[in-house]
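Colleague: Would you mind keeping the following structure in view while I ask a few things?
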There are 2 protein chains.
Amino acid sequence: MGIENKKWIGTMKIKSKINGAESLVRTLVHNDVNVCFANPGTSEMHFVGALDKVPGIRCVLGLFEGVLTGAADGYYRMSRKPASTLLHLGPGLGNALASIHNAKKAHSGMINIIGQHTLQHLEVESPLTSDIEAIARPMSHWVKTSTKSMDLSKDGAKAIEYAKKAPGKIASLILPADTAWGEGGDIIKAKNAGIRGKVDEVNIKKVAKILTNGKHSTLILGGEALTEEATLLAGKISSNTGCGIITEAANARLSRGAGRLDMLRIPGAGVVERALAMLDKAGQLVLVASKPPVAFFGYPNKPSLLYKENVPIVNLVEVDEDIVSALTDLAIELGAINELPNHIAIAKRPERPSGNITKEKLAMAIGATLPENAIVVDESVTTGRDFFPATAGAPPHDWLNNRGGAIGYGMPVAIGAAIACPDRKVILLEGDGSGMYTVQSLWTMARENLDITILIFANRTYEILRGELTNVGIQNPGPRAVDMLTLDRPYIDWVNVAKGMGVEALQVNNCEKLLKALDVGIKKDGPFLIEIIF
Amino acid sequence: MGIENKKWIGTMKIKSKINGAESLVRTLVHNDVNVCFANPGTSEMHFVGALDKVPGIRCVLGLFEGVLTGAADGYYRMSRKPASTLLHLGPGLGNALASIHNAKKAHSGMINIIGQHTLQHLEVESPLTSDIEAIARPMSHWVKTSTKSMDLSKDGAKAIEYAKKAPGKIASLILPADTAWGEGGDIIKAKNAGIRGKVDEVNIKKVAKILTNGKHSTLILGGEALTEEATLLAGKISSNTGCGIITEAANARLSRGAGRLDMLRIPGAGVVERALAMLDKAGQLVLVASKPPVAFFGYPNKPSLLYKENVPIVNLVEVDEDIVSALTDLAIELGAINELPNHIAIAKRPERPSGNITKEKLAMAIGATLPENAIVVDESVTTGRDFFPATAGAPPHDWLNNRGGAIGYGMPVAIGAAIACPDRKVILLEGDGSGMYTVQSLWTMARENLDITILIFANRTYEILRGELTNVGIQNPGPRAVDMLTLDRPYIDWVNVAKGMGVEALQVNNCEKLLKALDVGIKKDGPFLIEIIF
């Protein structure tokens, strides 16, 4: 690899003719980092200048930084490749943190490039001075300030190496302005640190033994055990052993639909009893790139762990290991490799619903219209808790959930997914409360004409919190408490908001109008927003 | 004070009848913290329940956390009192950081209450788990996780004590859910740590000597040297010594208008040459609650310090000392205390402009219509660089600038200012690029019917960055670079965006329409947005 790199440099003969910023951009492109989600400021102008010169990297502008890092998250989930982001100093990074948090929990790799003052200017206290490394650290796996323009490409390659690890990591590279404008070094090929280790045979045999000990077991799938290939292997294991298969509460990307596995998620935020009930019936737990299931929040007199202390739990494969190979080995060990997979969803769409809109009919409408190969980005919070049964027999699609719990994840992730997969339709399921956190996303969707149909579930309340008041033991909340959870004073008029940012939009209040709007949105090549009043 | 507090507790007899959250809310109210800017989640439900019960604290809901901490900043500037904020876990705090950064640089005190999982739940890795203390630390002066419900009111009092220091500080109190719902302790009176020290007589004499050594001098005013009282004292000193008076580049709150001092600010971001030219003529520098002037950014071949190395600089008074008393002592020492102040602005409004809109005519329109006692929140970036001369003779008003440089400051600060001063009109000068960062503010303005007239300067570009490309030495930027600084693809239609969030709005494209809209907005009791195309 070292030789190949040197050869390439030799051919380019660009050493010392370029500045640090250009050496970094060329290093990104050389390592197949082809997108930069950007919101630049003064300190990043040389990086912008370099993006201008170097072909092979798409620049996507966002009006708020949480849009950018969320988009990088969505991009990684669908392309399995890290994107870069460009952020303006400490406050720009601050704005990006909630989306980075979600990406980190989803194991999405990204390379954050954060502009910084010149090293000399850092010695004076100016308005934008802040401790960027300290701001980056809590949400990053790797943080470095590049202090020499000649080393910038090397530091960039290190960031890329980290971001590409299995599973993906958050790399934050801080770029002082003078490091960007000083003389640049070689273009560097990043080390490949993304190799997944194989699971030991002993462990495979141990798991096989548990699955055949006569007691009921359930596989809990997570991470890349949710690809079509891996889930079908899990289906074979279920055919052979009779085990159940469920997924973690939130999945970075779940392959599902007709001909794929039909699995339920562990119920998530706000419904701990439902989760406890599901796991109570699950028997022995086999973790497949997943973690022992825990509650979303701690509640008075309710457990944080969702399984009983005496339940046997075994780990088949870790999230950073070779998952398909572990499942294959287990299927072989069980003699299940040639079985037909269990739990396969049959192609079947629900009826097109009519009349007033309910949560059940919303699920039917989505199941009835979901286009083949769609990417569903799900931030439907309370509304969409039970969308799975009615959509399981729809054409094959991917379903993306929020693993970090920081709301405002949906719109940015939809942007990244659409950019990663320009030939696929993105269906975004969004709450009215959660959508407002990163509402600036709509402008980027319009600017890039991204193929996203946005469903806003306008219940005009932080509905989840109404339930949570009761869950934490607050009976009969007074008017001021209820008012704090209400979004109807004033109503958010999503059609106006969307139009204001260049996105076509419609409001619907019955199933007929909803289905008609879905048909329009799905047919359209570009963003389309449907505000659903129910 | 200790005795007074115990007496009060005795009367209330509420010990052990309340939970931790209520003990904290009662401690806030007992210490005159009467506003909570909130965006609660599950972990904060008991705090919401307590806000419901306890009178004397106004809850203001925001749809994004940067709105809340920015509002607390504006509230402090106008009331000189800290507000509390309620934020949901690490990501909620992350969203709030950029506005906290600006508040910190403006010396605005605030008490951030950040919900956290129960201590037991922190032992499992759940979606929203993050290192909240680490996220808080870079932008806070004081950080503590309260781990015992009985100690929560004591920890709250400590947070209040810090926030009220002179100048204001950022206190971040992390509130685990079980600390909120467990048994609460006494209501605590916070120590008064806000006492300002007096400047030494020796220093007063030293500054007097410099001001009378026959060389030209300039006072640079900052912090609370910008109150009407302090600036008039500075004016007397100028009458006596002939010294110039300017302010820092950005002021947390500057008293100006007819009958008050007419001062220029040091030019800020993007125009370092203009700043250097002003300071080149300033002679000896006397700092009055200000810092030695530095450039906003470092640029190639331009200095970070705005004054020459051999220029004498003396410090009259620090930002945390007794500023009025220092200026009084200096005026007495100089024999200036009975002089009429110099540089007083005469009451004079500019003509009402007509025809097409230019930056100069915008300044005239504002000067011609600014209502008495207005609060001008200025995030006009490039458009408003020269708004001062045309507005100096308008009726008395306060002018608030962004001291932290993190954009998106204007709308939230306007909210806080309007809540602190319900009898005063807030005029918000906002760029179209910067306004989008915290656009969710509009909803809170509508919800609270805040008396804010919002002027959006829709130049449809990150205009400041166009200049900065040249400033950092990038000649002839290519189309991709220019595209990254452009906001016209698509246009943001601010009228629709505002209406979508419940705020009445108009678009204007000539001076006649602008003046008419200003008259409507100023007359209206509530928010009104004017999108100015020019």
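The values are calculated or read from the model by the stated rules, or taken from the named source; none is laboratory data. The structure displayed is predicted, hence computed values, not measured ones. FYI the Cβ positions are ideal-geometry reconstructions off the backbone, even for glycines, and counts take in every protein chain you see.
Colleague: Of all residues in the stretch A:476-503, count the ones that are crowded, with 17+ Cβ neighbours inside 10 Å, among the basic types (Lys, Arg) and modelled with pLDDT under 95.
Modeller: Selection size over the stretch A:476-503: 1.
Colleague: Could you figure out which of (1) closer than 12 Å to B:VAL288 by Cβ; (2) touching a His at 6+ places or on another chain (Cβ under 6 Å) isn't true of B:GLY257?
Modeller: Of (1) closer than 12 Å to B:VAL288 by Cβ; (2) touching a His at 6+ places or on another chain (Cβ under 6 Å), only one is false for B:GLY257: (1).
Colleague: Do any helices (runs of 4 or more DSSP H) lying entirely in the stretch A:38-107 carry at least 3 residues that are under 23 Å from B:HIS101 (Cβ atoms), more than 10 Å from chain B (Cβ to nearest Cβ) and touching a residue at least 12 places away in the same chain (Cβ under 8 Å), and which ones are they?
Modeller: Numbers: elements: A:45-53, A:65-79, A:89-105.
Once the helices (runs of 4 or more DSSP H) in the stretch A:38-107 are filtered for at least 3 residues that are under 23 Å from B:HIS101 (Cβ atoms), more than 10 Å from chain B (Cβ to nearest Cβ) and touching a residue at least 12 places away in the same chain (Cβ under 8 Å), what remains is A:65-79.
Colleague: I've got another one for you. Given (1) more than 7 Å from chain A (Cβ to nearest Cβ); (2) within 14 Å of B:LEU442 (Cα to Cα), where does B:THR486 come up short, assuming only one miss?
Modeller: (2)
Colleague: Within the stretch B:143-197, track down each residue that is over 24 Å from the mean Cα position of the chain (by Cα) and acidic (Asp, Glu).
Modeller: Selection gives B:ASP151, B:ASP155, B:ASP178, B:GLU183, B:ASP186.
Colleague: Sort through B:LYS158, B:LYS144, B:LYS154 and tell me the only one that's more than 14 Å from chain A (Cβ to nearest Cβ), out of contact with any His (no Cβ under 6 Å at 6 or more places or on another chain), in a strand (DSSP E or B) and more than 19 Å from B:CYS59 (Cβ to Cβ). Step through it out loud before you land on a result.
Modeller: Numbers: B:LYS158 fails: in a strand (DSSP E or B); B:LYS154 fails: in a strand (DSSP E or B).
When all the criteria are applied, what remains is B:LYS144.
Colleague: Testing A:ALA72 on (1) more than 17 Å from A:ASN31 (Cα to Cα); (2) in contact with a Ser or Thr (Cβ under 9 Å, 6 or more places away or on another chain), one condition comes back false. Which one is that?
Modeller: Unmet for A:ALA72, out of (1) more than 17 Å from A:ASN31 (Cα to Cα); (2) in contact with a Ser or Thr (Cβ under 9 Å, 6 or more places away or on another chain): (1).
Colleague: Kindly provide the set of residues from the stretch A:354-381 that are of a type in the set (Lys, Arg) and surrounded by fewer than 21 Cβ atoms within 10 Å (Cβ to Cβ), ordered by number. Explain how you work it out, then say what you get.
Modeller: Initial filter on the stretch A:354-381 (of a type in the set (Lys, Arg)): A:359, A:361.
Hit for the stretch A:354-381 is A:LYS359, nothing else.
Colleague: Only one of A:LEU529, A:LEU465, A:LEU506 is crowded, with 21+ Cβ neighbours inside 10 Å and either on the phi > 0 side of the Ramachandran plot or in contact with a helix residue (DSSP H, G or I) (Cβ under 6 Å, 6 or more places away or on another chain) (or both). Can you tell me which? Even if it seems obvious, please write down each step before you answer.
Modeller: Values: A:LEU465 fails: either on the phi > 0 side of the Ramachandran plot or in contact with a helix residue (DSSP H, G or I) (Cβ under 6 Å, 6 or more places away or on another chain) (or both); A:LEU506 fails: crowded, with 21+ Cβ neighbours inside 10 Å.
Step by step, each of A:LEU529, A:LEU465, A:LEU506 is checked, and only A:LEU529 is crowded, with 21+ Cβ neighbours inside 10 Å and either on the phi > 0 side of the Ramachandran plot or in contact with a helix residue (DSSP H, G or I) (Cβ under 6 Å, 6 or more places away or on another chain) (or both).
Colleague: Looking for something modelled with pLDDT of 95 or more and among the polar types (S, T, N, Q) - is there at least one such residue anywhere in the stretch A:375-388?
Modeller: Checked the stretch A:375-388: no residue is modelled with pLDDT of 95 or more and among the polar types (S, T, N, Q).
Colleague: Would you check which residues across the stretch B:165-195 are part of a loop (DSSP other than H, G, I, E, B), of a type in the set (Val, Ile, Thr) and more than 24 Å from B:ASN102 (Cα to Cα) and list them? Explain how you work it out, then say what you get.
Modeller: Here is the first cut: in the stretch B:165-195, the residues part of a loop (DSSP other than H, G, I, E, B) are B:165-169, B:182, B:184-195.
Those still in the list that are of a type in the set (Val, Ile, Thr) too: B:187-188, B:195.
Result: B:ILE187, B:ILE188.
Colleague: Hey, A:LEU264 hits all of (1) at pLDDT 95 or above; (2) closer than 17 Å to A:ALA390 by Cβ; (3) within 24 Å of the chain's Cα centre (by Cα) but one; which does it fall short on?
Modeller: (1)
Colleague: If you take the residues in the stretch B:119-138 that are crowded, with 16+ Cβ neighbours inside 10 Å and more than 7 Å from chain A (Cβ to nearest Cβ), which one is modelled with the lowest pLDDT? Full working, then the answer.
Modeller: So the first thing to find is which residues in the stretch B:119-138 are crowded, with 16+ Cβ neighbours inside 10 Å, and the list is B:121-122, B:124, B:126-130, B:132-133, B:135-138.
Adding the requirement that they be more than 7 Å from chain A (Cβ to nearest Cβ) leaves B:122, B:129, B:132-133, B:136.
Values: B:LEU122: 91, B:THR129: 94, B:ILE132: 97, B:GLU133: 98, B:ALA136: 98.
Out of the qualifying residues, it is B:LEU122.
Colleague: Could you count how many residues in the stretch B:23-37 are in contact (Cβ under 8 Å) with a residue 60 or more places away in the chain and part of a helix (DSSP H, G or I)?
Modeller: Qualifying residue count, the stretch B:23-37: 6.
Colleague: While we're here: Scanning the stretch B:271-302 for residues that are at the interface with chain A (Cβ under 9 Å from one of its Cβ atoms) and over 25 Å from the mean Cα position of the chain (by Cα), which turns out surrounded by the fewest Cβ atoms within 10 Å (Cβ to Cβ)?
Modeller: Going through the stretch B:271-302, the residues at the interface with chain A (Cβ under 9 Å from one of its Cβ atoms) turn out to be B:291-292, B:294-300.
Next, only the ones that are over 25 Å from the mean Cα position of the chain (by Cα) stay: B:299-300.
Values: B:TYR299: 23, B:PRO300: 13.
Top of the filtered list is B:PRO300.
Colleague: I've got another one for you. Pick out the one residue from B:THR118, B:THR147 that is touching a residue at least 60 places away in the same chain (Cβ under 8 Å) and of a type in the set (S, T, N, Q). Show your work before the answer.
Modeller: Details: B:THR147 fails: touching a residue at least 60 places away in the same chain (Cβ under 8 Å).
Being touching a residue at least 60 places away in the same chain (Cβ under 8 Å) and of a type in the set (S, T, N, Q) holds for just one of B:THR118, B:THR147, which is B:THR118.
Colleague: Which of (1) in contact (Cβ under 8 Å) with a residue 60 or more places away in the chain; (2) facing chain B (nearest Cβ under 8 Å) is the odd one out, the single condition A:ILE452 does not satisfy?
Modeller: Of (1) in contact (Cβ under 8 Å) with a residue 60 or more places away in the chain; (2) facing chain B (nearest Cβ under 8 Å), only one is false for A:ILE452: (2).
Colleague: Given (1) assigned to a loop (DSSP other than H, G, I, E, B); (2) of a type in the set (Asp, Glu); (3) within 23 Å of the chain's Cα centre (by Cα), identify the lone condition not met by B:GLU309.
Modeller: Result: B:GLU309 fails condition (3) only.
Colleague: When residues of the stretch A:303-327 are filtered for being touching a residue at least 40 places away in the same chain (Cβ under 8 Å) and in contact with a helix residue (DSSP H, G or I) (Cβ under 6 Å, 6 or more places away or on another chain), how many remain?
Modeller: Of the residues in the stretch A:303-327, 8 are touching a residue at least 40 places away in the same chain (Cβ under 8 Å) and in contact with a helix residue (DSSP H, G or I) (Cβ under 6 Å, 6 or more places away or on another chain).
Colleague: Also: Before we move on, is A:ASN471 on the phi < 0 side of the Ramachandran plot, more than 7 Å from every other protein chain (Cβ to nearest Cβ) and at pLDDT below 95? Give the steps one after another, and end with the answer.
Modeller: Numbers: on the phi < 0 side of the Ramachandran plot: yes; more than 7 Å from every other protein chain (Cβ to nearest Cβ): yes; at pLDDT below 95: yes.
Yes, satisfied.
Colleague: Does the stretch A:342-350 contain any residue that is away from chain B (no Cβ under 14 Å), closer than 26 Å to A:SER441 by Cα and at pLDDT 95 or above?
Modeller: Filtering the stretch A:342-350 down to residues away from chain B (no Cβ under 14 Å) leaves A:342-350.
Add one more test, that the residue is closer than 26 Å to A:SER441 by Cα, and what stays is none.
No: the stretch A:342-350 contains no residue that is away from chain B (no Cβ under 14 Å), closer than 26 Å to A:SER441 by Cα and at pLDDT 95 or above.
Residues are listed down the side, and each one gets a yes or a no for (1) closer than 21 Å to B:TYR437 by Cβ; (2) touching a helix residue (DSSP H, G or I) at 6+ places or on another chain (Cβ under 8 Å):
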position: B:LEU89; (1), (2): no, yes
position: B:GLY92; (1), (2): yes, yes
position: B:ASN95; (1), (2): yes, yes
position: B:ILE113; (1), (2): no, yes
position: B:VAL124; (1), (2): no, no
position: B:SER153; (1), (2): no, yes
position: B:PRO176; (1), (2): no, yes
position: B:GLY185; (1), (2): no, yes
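Colleague: Would you mention how many residues in the stretch A:417-428 are part of a helix (DSSP H, G or I) and either more than 12 Å from A:ILE375 (Cα to Cα) or touching a helix residue (DSSP H, G or I) at 6+ places or on another chain (Cβ under 7 Å) (or both)?
Modeller: We begin by selecting, within the stretch A:417-428, every residue part of a helix (DSSP H, G or I); these are A:417-420.
The next check asks that each one be either more than 12 Å from A:ILE375 (Cα to Cα) or touching a helix residue (DSSP H, G or I) at 6+ places or on another chain (Cβ under 7 Å) (or both); those that pass are A:417, A:419-420.
Going through the stretch A:417-428 one residue at a time, the tally reaches 3.
Colleague: Among the residues of the stretch A:382-396, is any surrounded by fewer than 24 Cβ atoms within 10 Å (Cβ to Cβ), touching a residue at least 24 places away in the same chain (Cβ under 8 Å), of a type in the set (Gly, Ala, Ser) and more than 19 Å from A:PRO267 (Cβ to Cβ)?
Modeller: Among the residues of the stretch A:382-396, at least one is surrounded by fewer than 24 Cβ atoms within 10 Å (Cβ to Cβ), touching a residue at least 24 places away in the same chain (Cβ under 8 Å), of a type in the set (Gly, Ala, Ser) and more than 19 Å from A:PRO267 (Cβ to Cβ), which makes the answer yes.
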